[in-house]
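Below: one structure, written as structure tokens.
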Amino acid sequence: MCGVVGIVYGKNSPRLGQVGSFLLRKLEYRGYDSTGGAFFKADGTVTLKKKVGSPTQVIHELDLEKLNGCKFIGQVRWATYGSVTDENAQPHEVNCRTHLLGAHNGNISNTDSLKEFLIEARHRILSDNDGEMLVHLVEHFYHEQLSLRKKPDPESRVADMLQAILRANQKTVGSYAACISAPDIEGIFAVKAGSSLYAGKGSDEDGDFIVVSSDLTSVLAKTRFLIPLVEGQGIYFTAGEYFVFSLADGSRSVPGLKRSKLNIADIALQPKYHFFMEQEIDSTVANLDMMLKYYFSETGEEPYFSVFERHVRDCKEMVFDLLKLYSIFDREKLKEAFLRIVASPRFEAMVREISALPGAGQPAAAPAFFSSDEAQLLRELREFGEEYFPALFTLDRIVIWKKKRKVIRFKDKAVALFQQSFAAGGRVFFIGAGTSYHAALTAGYFFNNLTALGIVPCNPDLFRSVYMNSLRAGDVLVAITQSGETKDLVDILNQVREKFREKIHVIAVVNNENSTIPQEKADFFLPLLCGPEIAVAATKSFSAQLALFYLLAASMKKGVPPPQRELEKIKHLIDYTLKTSEEDVTEVMLKFFLKPSIHILGTSLIGLAREGALKIREVVLNHAEGYDAAEFKHGPNTILGKSTLYSFTDLENILSDMADFSLGLLHHPAVPAGKRNEVSARFFKLIHDFKFADFSAEIGNGQNAPSGKPIRFQDLYRQFREQVNAERYFSNYPLIFVCPPGERDIRITISQIHTHKIRGADVVLIAEENEELEKALAGKPTGLDDYFFKYIKIPSSGDSNIFVFQAAVVLQRLALKMSVAKMKYLNRVRIENHGVHPDVPKNVSKSITVD
């Protein structure tokens, strides 16, 4: 995943560099291998600057904030085609036939054949990057279009560029979004051909502008007024005008603006936090509140909802009318349309019914009282006067009721499909990639504990290679994806639909409700309701997935109350766990953050162990593996004891000892004074090159040696081995056990702790307090005086399922702390481009939209 952005103002702005840099920083989580920007001035001159590195780094190094102009195209890169070099950085500037600049996000899979075509057509290719092939391809066809005209004018240039983009798109294979422009064209062309792209129109101190970006948050940071774009469309825009065109036939339209439902405050980093990952872990409790709000009935809402049910048609029409307000931007017209809704006889009749309810009164006015999906619009309407608050409060409840009845209906439908499938001998597959796969594995744990029914958790490739051809009517697929755009999962669902038509039920579990999978690929969806997740590593969405799967499994039990009380308990225990474990997690972080490898061993909790390890791999960039605790002894335990895994701390000790020896060598009495530097250099070169046969060579004539005899390099090497002894640098290998409170799990964990600590393991245990576990952990193995152990005690619930939620946030918090500590360490020792960052680690992306 990469990110592209483009913005156009009506005149040159001295602040364009600041605006472009701001937008690039908003995209940093999407790509940090390289960063670049093209700044166009009104006189046709262009300044292109790009370099390997993250936006934060490159903006400073290239002084991007000091540049000016009237339009800007920028890109952040997560490398797929072409290595991480300045040449492969984007935007690309081409001028083989005519002058163009452009950048893309995505993956063009026929890049190699396009490169051959372009070279044969005498284009000069400077990189291996698929983005350059796309820009050259547009240039190729744009020049052909221009050559058909005697004297192109500005309008015809736009038309010719449009045709060139259509022809280039027909020749490419893949999924991408792109921004392309020429110095002699007023605006920018942007294309949405399989990857995300958003557009918005606004105004700031530099005048009117239109902005496009791969990321919605960067657009919302500039304006709340969006230009609707769908898959297979492109847009041409200047500062004040735009048209949308079809990539299939070039037909044009000018869709009206839409007001975004999201407020930038909803996706901003709050002042008390330094990182989004930190903020999102802490928001887990609030996210569970949303799940409780929409998946269960709340105290006091039934009388209101009964009124809405009696007026179900009117309520749906009112919500529809409310949504129309998003397309009205004149404040007076907005107020008129709003008043027509609340002054209508149907609305007034419903308000009278509500007022007659026992205990009904005016709600207390509070700035953030609205809590429906349309809260941002309702807050804006509230600016017309506080006298409208009661009506707005009623609309807020209607919106909540409408969504809630759908969510509960779909939850009940999912449970019914599971029950029907199991009863008929069918299977229920939970399919997800990465974190979603680990949530699927943990869902299997919940279903096994609560229903004695076995679901089939798998990732897309496992499903395709092991289960696809055995699907049969009545099977159910649960497609799990935070973004709703995961390419691997989209491909699986397309294949299932093509092969089995309507015989297989597909349920989506998503956070982004308006994405491809819930809207186009599934029969219905269950929302995670956890809001935008900015950090690349999924945390709050994983906890939301666990909560949803827990309530689905618990809802399968007939004659049992819904698990509302248990989720309330989980919510409070998560909060308490984060507070009580802080000191212990910090101590473990300080011990482990520079360890090159870690294993997390989950007793019965393979999904949670894998997810904890994934978080460490993602944000700390240390090797980490998640295993079932009992499985670790079947091979992976060979890593314990003496191994060649050295941490930064170990290497520092080795280099320090080598430096001490080298210093001693320079003052060795047997080495002639004039040859000490030469002897030292030759000695370390012989070691480096493993030329031990040359060690018999003599050094000096022995006059200064204590024995009076000449010494050889092998004598020095013997002294070197005594001083720089490899045995001193072996350290214990870190194991983190995650043990739920079941008796069998405790017994297995005790056995495994004893088995592995005697073989050279440092052991951390995440578990509820248990005397036998503590004894097993604390006993120091004979001869291992440097044995380290830590018991991170989880507040007791006595429930193995609830324990999962508490252990999950502890593992997330540990990965966060390790990432911050390692990042600061690497920065301090001035290691460039190390890629360690809790929000934007290298080589991973938020939503994988390429194969």
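The values are calculated or read from the model by the stated rules, or taken from the named source; none is laboratory data. Computed from a prediction, not measured in an experiment: that's the story for all the values here. Because the Cβ atoms are built from the backbone with ideal geometry, glycine has one as well, and the counts that use them run over all protein chains shown. Please note that ligands, DNA and RNA were not included when accessible areas were found on the heavy atoms of the full protein model with its side chains. Shrake-Rupley method; radii C 1.70, N 1.55, O 1.52, S 1.80 Å.
A few remarks follow.
- Any hit, the stretch 211-232, residues being surrounded by 18 or more Cβ atoms within 10 Å (Cβ to Cβ), over 26 Å from the mean Cα position of the chain (by Cα) and either under 28 Å from R379 (Cβ atoms) or touching a residue at least 40 places away in the same chain (Cβ under 8 Å) (or both): no
- Within the stretch 112-131, the residues that satisfy the criterion of being touching a Ser or Thr at 6+ places or on another chain (Cβ under 9 Å) and in a helix (DSSP H, G or I) are L114, D130.
- When residues of the stretch 267-291 are limited to those that are crowded, with 22+ Cβ neighbours inside 10 Å and of a type in the set (D, E), the one farthest from W401 (Cα to Cα): E278
- Some residue of the stretch 103-118 being among the basic types (K, R), surrounded by 17 or more Cβ atoms within 10 Å (Cβ to Cβ) and touching a residue at least 12 places away in the same chain (Cβ under 8 Å): yes
- Among the candidates T649, T586, the residue that is out of contact with any Leu (no Cβ under 7 Å at 6 or more places or on another chain) and among the polar types (S, T, N, Q) is uniquely T586.
- Screening the stretch 517-571 for residues that are in contact with a helix residue (DSSP H, G or I) (Cβ under 6 Å, 6 or more places away or on another chain) and among the polar types (S, T, N, Q) and picking the one that is surrounded by the fewest Cβ atoms within 10 Å (Cβ to Cβ) gives S555.
- Failed condition for P460, given (1) open to solvent by 50 Å² or more (accessible area, probe 1.4 Å); (2) in contact (Cβ under 8 Å) with a residue 24 or more places away in the chain: (1)
- Residue count, the stretch 2-50 (criterion: surrounded by fewer than 24 Cβ atoms within 10 Å (Cβ to Cβ), in contact with a Lys or Arg (Cβ under 8 Å, 6 or more places away or on another chain) and under 18 Å from N129 (Cα atoms)): 1
- Of residues in the stretch 233-246 being among the hydrophobic types (A, V, I, L, M, F, W, C) and either touching a helix residue (DSSP H, G or I) at 6+ places or on another chain (Cβ under 6 Å) or surrounded by 19 or more Cβ atoms within 10 Å (Cβ to Cβ) (or both), the one farthest from F72 (Cα to Cα): F245
- Residue count for the stretch 295-336, restricted to those that are of a type in the set (A, V, I, L, M) and over 30 Å from F225 (Cβ atoms): 2.
- Of the residues making up the stretch 355-387, those that are within 21 Å of K293 (Cα to Cα), open to solvent by 30 Å² or more (accessible area, probe 1.4 Å) and either in a helix (DSSP H, G or I) or modelled with pLDDT of 85 or more (or both) number 3.
- Selection count where residues are assigned to a helix (DSSP H, G or I) and touching a helix residue (DSSP H, G or I) at 6+ places or on another chain (Cβ under 8 Å), scope the stretch 144-156: 3
- Residue match in the stretch 468-478 (condition: under 23 Å from the mean Cα position of the chain (by Cα), open to solvent by less than 40 Å² (accessible area, probe 1.4 Å) and over 28 Å from K558 (Cα atoms)): no
- Scoring P390 on the criteria (1) open to solvent by less than 20 Å² (accessible area, probe 1.4 Å); (2) closer than 27 Å to K333 by Cα leaves a single failure, condition (1).
- L100 open to solvent by less than 20 Å² (accessible area, probe 1.4 Å), closer than 30 Å to S147 by Cβ and free of Cβ contacts under 8 Å to residues at least 24 places away in the same chain: no
- Among residues of the stretch 162-179, those that are within 20 Å of K41 (Cα to Cα) and open to solvent by 10 Å² or more (accessible area, probe 1.4 Å), counted: 0
- Taken over the stretch 235-250, residues that are out of contact with any Asp or Glu (no Cβ under 7 Å at 6 or more places or on another chain) and under 19 Å from P154 (Cα atoms) amount to 9.
- Note on the stretch 87-111: residues that are more than 35 Å from the chain's Cα centre (by Cα) and either part of a strand (DSSP E or B) or β-branched (V, I, T) (or both) amount to 1.
- Residues of the stretch 248-293 that turn out to be assigned to a loop (DSSP other than H, G, I, E, B), of a type in the set (K, R) and either closer than 30 Å to V804 by Cα or out of contact with any Phe, Trp or Tyr (no Cβ under 8 Å at 6 or more places or on another chain) (or both), as a count: 1
- Pick from the stretch 625-662, criterion modelled with pLDDT of 70 or more, part of a loop (DSSP other than H, G, I, E, B) and exposed (fewer than 13 other Cβ atoms within 10 Å of the Cβ), ranking: farthest from the chain's Cα centre (by Cα): K642
- Going through (1) in contact with a His (Cβ under 9 Å, 6 or more places away or on another chain); (2) within 26 Å of K41 (Cβ to Cβ) one by one, S195 falls short only on (2).
- Residue in the stretch 481-489 that is within 22 Å of R405 (Cβ to Cβ), out of contact with any helix residue (DSSP H, G or I) (no Cβ under 6 Å at 6 or more places or on another chain) and touching a residue at least 40 places away in the same chain (Cβ under 8 Å) present: no
- Scanning the stretch 58-97 for residues that are touching a Leu at 6+ places or on another chain (Cβ under 7 Å), surrounded by fewer than 23 Cβ atoms within 10 Å (Cβ to Cβ) and more than 21 Å from A177 (Cα to Cα) returns L67, N68.
- Filter result (closer than 19 Å to R747 by Cα, touching a Phe, Trp or Tyr at 6+ places or on another chain (Cβ under 7 Å) and either open to solvent by 40 Å² or more (accessible area, probe 1.4 Å) or not in a helix (DSSP H, G or I) (or both)) within the stretch 782-825: I794, S797
- Tabulated pairs, the stretch 40-55, first touching a residue at least 24 places away in the same chain (Cβ under 8 Å) and within 16 Å of G10 (Cα to Cα), second surrounded by 16 or more Cβ atoms within 10 Å (Cβ to Cβ) and charged (D, E, K, R), C-beta under 7 angstrom, 6+ apart or interchain: F40/K71
- When E348 is tested against (1) buried (at least 19 other Cβ atoms within 10 Å of the Cβ); (2) farther than 30 Å from Q812 by Cβ, exactly one condition is not met: (1).
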